């Protein structure tokens, strides 16, 4: 579609060229499409056409025509991407290795705790071959993306550690609200029960899964502590001992009914021993102190 005429061109449409204008020699019967003052497309005599008004001579108009023809014949295909810079034209596909395995990727220095996954590396090479990347192009992309991926994984790991620490603090706060000053005793009872039931293997499994930081799980194990004590395994009644805490146990051991031979209460001493066994299964109860 012809360009809309400028105001100067619109004025030229209604004006005939002067006798000394080179356009006056053109035939008035020759016309070309243009636009009138209202913007409608019309046929304008060539010697009055505004497109020729800017040329001082017929030679200049002919030169412009030749130049325009050259531009119309020029290819408008893109010059290629950044990946193809530096390669001879039409050589990007030709530089592709024969197979994905033939790519020679650069050695990238990685942190000690990072390793390149063989399956992902193979998938990268297969895609590079499918896209027709040259050895240099694939290597450049690999050298850019791998460190970027490492930094992303490191940031994710650090965020996970931070979130787990926040979760642990929230769960510990919940234990403190539920048990007050006995919160640490609950944790100790839970640890003893875990070790008695499954040893270090169970402890490791709970820590790796995150269950070791769950207040509900810890309280459940703490309630199981009396059930796995030596007194429970011998069939003794540990119901009373289940409610004892280390603080209460220390208070009972300072009671004369426990340490004074002249006032010793056998049932009271038995409660202290069962309480000690419930809180610390597998450990020997402290000996009675002489008066």
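Here, each number is a calculation from the coordinates, and none is a lab measurement. Since this is a predicted model, take the numbers as computed values, not measurements. Every residue, glycine as well, gets a Cβ built from its backbone with ideal geometry; the counts of neighbours run over all protein chains shown.
Using the number of other C-beta atoms within 10 angstrom as an exposure proxy, rank 159, 224, 203 with the fewest first. Don't skip to the end; give the middle numbers.
Values: 159 10, 224 19, 203 15.
Least crowded to most crowded, the residues run 159, 203, 224.
Using a 10 Å cut-off on Cβ atoms, rank the peptides 132-142, 169-179 from the highest mean neighbour count down.
On the way: 132-142: 18.4, 169-179: 14.2.
So the order, starting with the most tightly packed, is 132-142, 169-179.
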Exercise for the section: Return the FRET efficiency for the residue pair residue 254, residue 191: r is the Cβ-Cβ distance, R0 is 22 Å, and the value is rounded to the nearest 0.05. Expected result: 0.30
Practice task
Grab the beta carbon distance between residue 154 and residue 120, set R0 = 25 Å, and tell me the FRET efficiency rounded to 0.05.
Solution key: 0.90
Problem - Potential extension, residue 266-residue 130 segment - 0.36 nm per residue separation minus Cα distance - result: 40.4 nm
Handout entry: Rough spin-label spacing in nm, given labels placed 7 Å along Cα→Cβ, for residue 56 and residue 227
Key = 10.7 nm
